[in-house]
Amino acid sequence: MAMIDFDIGTYGCQWMNWMEEHHKSKVREMKLAGNYQDVAKSIDNRAWDYYELLEKQYMEAHPYPNSYEENVAYHTTKNFYVDSTVMREVVLMAVTQP
């Protein structure tokens with residue numbers, strides 16, 4: 001697993017790791033074309049935009065709890081839902097263009 005390149009971002013690095021494991025030939029093509037890191041940065045930007053949208057929608061649909069225990073469970077559930085959705089719908093896709 002590669003270290004996080006802060007220019008590319010967390011989701012961009014996760015996409016790169018996934019692509020290198022599952023789509024080696026597409027990675028080679030993008031590297032030869034010189035756009036591999038640009039695509040990774042684009043994926044990271046789209047992922048964070050989608051993350052913010054999903055987080056906002058989740059918070060609107062689920063009222064904020066009052067107790068500490070409910071608050072911890074609320075944030076754990078929200079973060080799992082949002083992150084897993086972003087991973088499935090944005091990051092784990094064989095994208096080849098920014």
Among the lysines, which have Cα under 17 Å from the Cα of Lys26 when same-chain residues fewer than 8 positions away are ignored?
Lys41
Considering the chain as a Gaussian network with a 10 Å cut-off on Cα pairs, which listed residue, Met19, Met59, Met30, attains the greatest mean-square fluctuation?
Met59
Calculate how steeply helix 10-22 sits against the longest principal axis of the alpha-carbon atoms of the chain, using the helix alpha-carbon long axis, and give the answer as 0 to 90 degrees to the nearest 10.
50 degrees
When the chain is treated as a Gaussian network with springs between alpha carbons less than 10 Å apart, the largest mean-square fluctuation among Glu69, Glu52, Glu21 is found at Glu69
Separation between the Thr77 and His62 pseudo-spin-labels, each 7 Å from Cα along Cα→Cβ, expressed in nm?
0.5 nm
Take every Cα pair under 8 Å in the chain that's 6+ residues apart, average their separations, divide by the length, and report that relative contact order as a whole percent.
39 percent
Looking at the chain, which chymotrypsin sites (Phe, Trp or Tyr not before Pro) are DSSP coil and have at most 14 other C-beta atoms within 10 Å of their C-beta?
Phe6
Value of [θ]222 nm, deg cm²/dmol, for the chain, DSSP H segments ≥ 4, -39500 (n - 2.57) each, nearest 500
-23500 deg cm²/dmol
Can you tell me how much longer the chain between Asn17 and Ala94 gets when fully stretched, taken as 0.36 nm per residue apart minus their C-alpha distance, in nm with one decimal?
26.6 nm
Taking only the alpha carbons of the chain, the radius of gyration and the largest Cα-Cα distance, Dmax, both in angstrom, are 16.1, 54
Can you list the HN-Hα couplings for region 29-40, worked out from phi with the Karplus curve (6.51, -1.76, 1.60; θ = phi - 60°), rounded to whole Hz and with x for Gly and Pro?
4, 5, 5, 5, 6, x, 10, 4, 5, 5, 5, 4
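Only the coordinates and a few stated rules stand behind these numbers; no lab work does. The shown structure was predicted, so the numbers you read here are calculated from the model rather than taken from an experiment. As a convention, Cβ positions derive from the backbone with ideal geometry for all residues, glycine included, and neighbour counts pool all protein chains shown.
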